[in-house]
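Participant: Quick one: this structure, given as structure tokens, is what I'll be asking you about.
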Amino acid sequence: MSKENRTYLRFPLARRIEHLVMLLSFTTLGLTGLPQKFPDAAASLFIIDRLGGIETLRTIHHTAAIVMMFGTAYHLLIMGYNVFVLRTRMTMLPTLQDVKDGWQALMYNIGLAKTYPQMGRYTFEEKMEYWAFVWGAMIMGLTGFLMWNPITATRYLPGEFIPAAKAAHGGEALLAVLAIIIWHMYGVHIKRLNKAMWTGRQTEAEMLHEHPLELADMKAGIADRRPDAATIRKRLRVYIPVAAILTLGMLAGIYSFVNTEQTALTTVPVQENAPEIFVPQTPTPTPGGFVPALDKHLGAILFESEL
């Protein structure tokens, strides 16, 4: 069989489904989050209108965030199983070799090195993307909680943390979307169309180009060595109770994230004969002068003060 026809399994079905769920939730978060950051843009108004208004948009955004939280919890449990039970090598951890590979790749791309670096299961680019996603998820989760539960947050933190969280949340979201469009789309879909996360497999020619060290391990029979059945059962007796506790803890965390509080928008009844909304004596300046409504109010105040 030729190198173009022989294929090797890199990602089982479960990992591909996990990737799809995270892809869909991330895309939904981006499409519903950026219109809230840039509400005056024409594209934002179009999206908000098509989705039925800002409240529907926020509901979809929150739902996608919950899906991503469940996806993250699942990823942590699977990672624990692979590392503790199967003793899978932690090949996604960055090492000094990744720095060397990145430098050699740069030298190769500008013509100062004769060969491209030989890399294993994950390239230095893939590791950078993964850990950038981890960092972004942490920032988005923390700032999202502060904005979702502002009353609870300000019981323990100064009130300035809420607008700061909003700024950080929007900035990190914009950075993440741009990273996917510029870095990920180019590296995976434009430079070389990598279908491994859809088919689960890569040809020998693709492996030789992108993951030659992993291919060598596969051919040597050491890429996916698993313990014997008795060892796996022994480790599972330890891992399953720990995983159950972690699962309950993460589920409780997600439930608390979503249901810690209800804001005044939903808990305070609407008053039919509410008093006039407070208008400050000093109106907000605009490029063309004061806001007309506030100009009129200010004139009334000045007239009364002269009496």
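Participant: Could you say which residue among A179, A230, A165 is part of a helix (DSSP H, G or I) and over 29 Å from P12 (Cβ atoms)?
Facilitator: Only one candidate qualifies: A165.
Participant: Something else now. So if I check each of T88, T63, T32, which one is within 30 Å of G249 (Cβ to Cβ) and either part of a loop (DSSP other than H, G, I, E, B) or over 21 Å from the mean Cα position of the chain (by Cα) (or both)?
Facilitator: Numbers: T63 fails: either part of a loop (DSSP other than H, G, I, E, B) or over 21 Å from the mean Cα position of the chain (by Cα) (or both); T32 fails: either part of a loop (DSSP other than H, G, I, E, B) or over 21 Å from the mean Cα position of the chain (by Cα) (or both).
One residue alone meets the criteria, T88.
Participant: Ok, one more. Is at least one residue of region 135-151 part of a helix (DSSP H, G or I), farther than 22 Å from F70 by Cα and modelled with pLDDT under 95?
Facilitator: Yes: region 135-151 contains one or more residues that are part of a helix (DSSP H, G or I), farther than 22 Å from F70 by Cα and modelled with pLDDT under 95.
Participant: Then there's this: It is to be established whether one or more residues within region 101-121 are modelled with pLDDT of 90 or more and under 25 Å from A73 (Cβ atoms).
Facilitator: Looking through region 101-121, at least one residue is modelled with pLDDT of 90 or more and under 25 Å from A73 (Cβ atoms).
Participant: Between a residue in region 158-174 that is modelled with pLDDT under 95 and any residue that is loosely packed, with under 13 Cβ neighbours inside 10 Å and not aliphatic (A, V, I, L, M), which pairs come within a Cβ distance under 6 Å, given they are 6 or more apart or on different chains?
Facilitator: Between residues of region 158-174 that are modelled with pLDDT under 95 and residues that are loosely packed, with under 13 Cβ neighbours inside 10 Å and not aliphatic (A, V, I, L, M), there is no close pair.
Participant: Moving to a separate point now. Identify, by number, the condition in (1) surrounded by fewer than 12 Cβ atoms within 10 Å (Cβ to Cβ); (2) charged (D, E, K, R); (3) closer than 21 Å to A216 by Cβ that R155 doesn't meet.
Facilitator: Here R155 meets the rest and fails (3).
Participant: Could you tell me whether any residue of region 2-18 is in contact with a Gly (Cβ under 8 Å, 6 or more places away or on another chain), in a helix (DSSP H, G or I), of a type in the set (D, E, K, R) and under 26 Å from H169 (Cβ atoms)?
Facilitator: Checked region 2-18: at least one residue is in contact with a Gly (Cβ under 8 Å, 6 or more places away or on another chain), in a helix (DSSP H, G or I), of a type in the set (D, E, K, R) and under 26 Å from H169 (Cβ atoms).
Participant: Assigned to a helix (DSSP H, G or I) and in contact (Cβ under 8 Å) with a residue 24 or more places away in the chain - does that describe any residue in region 102-112? Step through it out loud before you land on a result.
Facilitator: Of region 102-112, the ones assigned to a helix (DSSP H, G or I) are 102-109.
Now drop any that are not in contact (Cβ under 8 Å) with a residue 24 or more places away in the chain, which leaves none.
No.
The values are calculated or read from the model by the stated rules, or taken from the named source; none is laboratory data. Everything numeric here is computed off the predicted structure, so don't read it as measured data. Counting neighbours? That spans all protein chains shown, and the Cβs are built from the backbone with ideal geometry, glycine included.
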